[in-house]
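For reference, the structure discussed in these notes is given below.
Please treat every number below as a calculation from the coordinates, not as lab data. Given the structure is predicted, the values throughout are model-derived calculations rather than measurements. Because the Cβ atoms are built from the backbone with ideal geometry, glycine has one as well, and the counts that use them run over all protein chains shown.
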Amino acid sequence: MAEMSNYLENALINATLRNTSYSSPATVYVALYTTDPTDANTGTEVSGGSYARTAVTFGAPSDGVSTNSASVEFPTCTSSWGTITHIGIMDALTSGNLLYHTALTTSKAIDVDDIFRITSGNLSVTLA
């Protein structure tokens, strides 16, 4: 995953080239989408059915790559979330700003009693 949102692109340019401060979030969250969020965060995020963004932690980067250091497990689905096609990394549990986004390698339909999980080391952010 290395597709940055417009928000993050502007924040990093301002911070590195214009001496404008940027405060990184204390916690970042994985969001699930049924359509491409795009750099402008215009996609359809899952809602209802006990869905909630889930916190994720990343290890120290190496050669421009950082991966999740623990599994990310979403709540048990209580009504269909639809087919998850994309994920995003957000800077807040609700609302907030999209930081990174990408399509899933394989889309996944999430129905009642399903649990969406990303195992440790299987979510990576690459800046190159």
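Here are some notes:
- Per-residue [θ]222 nm for the chain (sum of -39500 (n - 2.57) over DSSP H runs n ≥ 4, rounded to 500): -3000 deg cm²/dmol
- Net length gained if the chain between S71 and S124 were fully extended (0.36 nm per residue, minus Cα distance): 17.9 nm
- Restricting the calculation to Cα atoms, the chain yields a radius of gyration followed by a Dmax of 14.7, 49 Å.
- Net charge dipole size for the chain [Lys, Arg +1 and Asp, Glu -1 on Cβ; Debye, nearest 20]: 200 debye
- In the chain, Cα pairs under 8 Å separated by at least six residues give a relative contact order of 31 percent.
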